[in-house]
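Worksheet: the structure to be examined is printed underneath.
The values are calculated or read from the model by the stated rules, or taken from the named source; none is laboratory data. The structure presented is a predicted model; accordingly, all values stated were derived computationally and were not measured. Cβ atoms come from the backbone with ideal geometry, glycine included; neighbour counts cover every protein chain shown. Only protein heavy atoms, including side chains, enter the accessible area calculation; ligands, DNA and RNA are left aside. Shrake-Rupley method; radii C 1.70, N 1.55, O 1.52, S 1.80 Å.
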Amino acid sequence: MALFAALATVAVRPVMAQSPEQRDSLVTLRDSLAGVSDSVSLLAYEKRLISLVLQPRLHDPRTAADSAHAAMIHLRIGLVDLRAGDLAGRVHYDGSASEFQWATELAPKWPFGWYGLGLAELGFGDYTTPLLRGLQTMLGKDALTRSAMDFARSAEVDPSFVQGLVELSNTALRQRTNIRLGVALAALRRSARTPAGHNALVLLMRARVERIAGSADSALAAVNTLLETEPDNAAGLLELARTRFFLHRVDGGTPWYRGLGLADHDALAAYRSDLLPVLPDSSLHAFDAGTPEQRVALMRGFWTARDDEDLHRPGERLEEHYRRLDVAERTYRLVSTTRHYDIVERYRPTLAEFDDRGVIYVRQGEPSDRRSLPLPSLPPNETWVYHRPTGELIFNFVAREGPQDYRLVESVLDALGNGGAIQVATIGDIQDNQIGDRSRVPRDGFLTLAAAESLNTRRQTVAISQLAEALIQSRDGLSPIYARMMTAGKGSAGSIEAQEREIGRQSIAIGTRTDSWPLTYTSALPGWYDIVAVGSDSAGQELQVTFAIPGSALHAQPSPRGVVYPVAMRFAAFSLDGKVVASVDTVRSFVAPTPIGANEQLVGRLPVHVPPGTFTVRLALEAGDAGVITPRDTVKVASPLGPALGLSDLAVGTRAVQLAWRTPQGDSVWLNPSRSFRSTVPLELYFEVTGLAPGTAYRYEIAAIRPGAQSFLHKLFGAHPEAIHITFNRTATGAPDPVRREVATDKLEPGKYILQVTVSTASGEKVVRRRDFTITK
């Protein structure tokens, strides 16, 4: 209170502009009030200030000095009421707005009155209901819009007023419907000619507003100016990263990680806010508890794992995260952070920046398709579908609380409300003609109360049934489940609706707990691929990654030597704990003297070095705009030194497919990615036996087995399961010991087979490898 009394006696000079001393005293008062939590002392101080206002000359000020003195008192009362509003509620914000309004009338050229009025509007707006807030936003009457106008006025009357510029920028960035970026941008650019234009916080705000407004080059100029004088400004480094990501530059990762290592307080909170929509709880706890170095290491591992998982280049997933954040902030930002939930809204996030569409978008990206049904009798609704190799994800959203607050629900029928969805499930055989059945109306023409209620219930039920049918029809083509719902009979409708709800429930669980960014292509690339764990060179064991692409899917590019076919290849091998043990990202250019015919194939091989062990692998091939990404597969790389008996994968090829590699011994090993062979051409089989010392005797058996040939019925009737069975005795000549065999297939009928090789020793050790293949005519 002693500080308050001292501030009340600040001298005022009779000038039109607000002096720096006056402005500083108000900033000091606001900072001191922020630490006050006792409303009694606030009200006591307010009464003392009001007693000054009641002095007769302040009602009719005769001089500029009197006006300035009165304006300062009203500004102080306004600041006190602002703090009282934070502690006690809406009525004090209203009083605060009145005091600041008085100040703007007494001193319209002072920025602080307009600045305080903007703060009061923000506080007052927080107490409106979400529905009213949404309607106000649509009409441009919301608190953010009003406060942005006030902050803009403070910057207009004094472009050097830093607080007004900062609050104007913050308010404009929070708006998404009646956006005031143009006003904020003009104010910030005008301030560049004043001392405030060189303020670090103003430069940071200008960079943000320029970026959001789409002026990326100006944003870079502003943030680079900031970093020239403060190179370790963590907030500036984060903004530099955001701007580079906005320009689709992967090098945004460099300032992003550097800023994270320097971040503290506000900058660290900004990093955390950007990461909150995607970080799992365990990573978030580690982020909060870690040292700066630990946080950087944690996030490098987090984003690198996501790049590797979906075969993206280093840094691409982090850039994509910020692209998604930008879309979510522009499109799915909540008008109100106060949310109330209906019983059908099972997902209740703690994140309050975006609606549930934004949550899914940041985690899963752009949906494959989306639909909605805009009807006056229905709340706003959307359904998104993601077509993934592991299965479809379907998300249903309904906005009941406000026009921009979409919530996740399990079923599209939940757009009818909980009661409506239950009625749809129990409609039975009610038909429209039952409503107009005159035999149900009494002869006197009057319905009893019970009969009237029954008739009204039937009409409501039919109306809900018609809405449900319209909802389902509007989703036709999104997923096969909706086609089945449309054609389901009375007996199966309930079961299919339960299936659709279960798909929605599972999708919510996956979509809100995981994130993904699978590679996508304009069109699918046809062809064949194969990954065989066999072979080695002086650098170690190898995987042979092979492919065959039909000529009809390729586009030749002119070359001095004829034509060239570039094929991009991305490959990664993962240990069982998810770490990358080998990766390749390359473009192979295949030159041919003439174009490849439509019925011919382009074949290629890419050797990849890996250590011995069991791994999961993924491969992506791109040719032009077409591409294919394989699901995860498992490979086992045998150790050449043992100590146990081991066996490589089986390399199966034919000389008719000109794809081979030469072993260290000089032998040609033939490969065929399609694994399809004519019966008239023998198979070329190659494998390596490992873990045996030279001179060790062993036996290997080669068998071709029809799938299902080992069934109980085949054994019962004496059918031999093996179409081919050959046994050989051999002595190991090296470590590993290479084995090449030509296998005749002229006795095999067309169809699918399994080639099986079994290796055993006299000591009882045995290993088996299998590979499927197809015989054609």
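A few remarks follow.
- Descending principal axes extents, the stretch 566-611, alpha-carbon based, whole Å: 46, 18, 15
- Kirkwood-Stokes translational diffusion coefficient of the stretch 196-245, alpha-carbon pairs, 20 °C, 1.002 mPa s, µm²/s: 211
- Net lengthening on full extension, Thr733/Asp772 (0.36 nm per residue, minus Cα-Cα): 11.2 nm
- For the pair the stretch 579-606 and the stretch 646-712, the centres of their Cα atoms are 23 angstrom apart.
- Entries of Lys636/Lys777; Lys579/Lys766; Lys636/Lys752 with Cα pairs more than 27 Å apart: Lys636/Lys777; Lys579/Lys766
- Sulfur and carbon atoms: percent of accessible area, the stretch 517-625 [1.4 Å]: 52
- Radius 13 Å from Cβ of Asp24, net charge of other residues (Lys, Arg +1; Asp, Glu -1): 0
- FRET efficiency estimate (nearest 0.05) - Cβ-Cβ, Asp537 to Glu749, R0 25 angstrom: 0.05
- Around Pro518: net Lys/Arg minus Asp/Glu count, Cβ-Cβ under 9 Å: 0
- Across the accessible surface of the stretch 262-343, with the other protein chains kept in place and a 1.4 Å probe, carbon and sulfur atoms take up 53 percent.
- Placing dummy labels 7 Å off each Cα toward the beta-carbon, the span from Thr229 to Asp264 is 2.1 nm.
- Using the 1.4 Å probe convention, the accessible area of the stretch 626-777 works out to 51 Å² per residue with neighbouring protein chains retained.
- Ser679-Leu519 pseudo-label distance in nm [points 7 Å out on the Cα-to-Cβ vector]: 3.8
- Local electrostatic count, Val610, Cβ distance below 14 Å [Lys/Arg +1, Asp/Glu -1]: -1
- Full extension of the chain segment joining Ala305 with Glu502 gains 67.9 nm, where the gain is 0.36 nm per residue of separation less the Cα-Cα distance.
- Length gained when the stretch Gln665-Arg174 is fully extended (0.36 nm per residue, less Cα-Cα span): 169.9 nm
- Inter-label distance for Ala509 and Ser37, nm, one decimal - labels placed 7 Å from Cα along Cα-to-Cβ: 4.2
- Gap separating the Cα centres of the stretch 249-308 and the stretch 182-222, nearest whole Å: 26
- Distance between the C-alpha centres of the stretch 68-114 and the stretch 374-411: 44 Å, rounded to the whole angstrom.
- Label zone of Asp86 (point 7 Å out along Cα→Cβ, amide N under 19 Å): in the stretch 94-124 this covers 94-100, 112-124.
- Comparing the stretch 356-413 with the 2.2 N^0.38 Å rule of thumb, its C-alpha radius of gyration ratio is 1.13 (two decimals).
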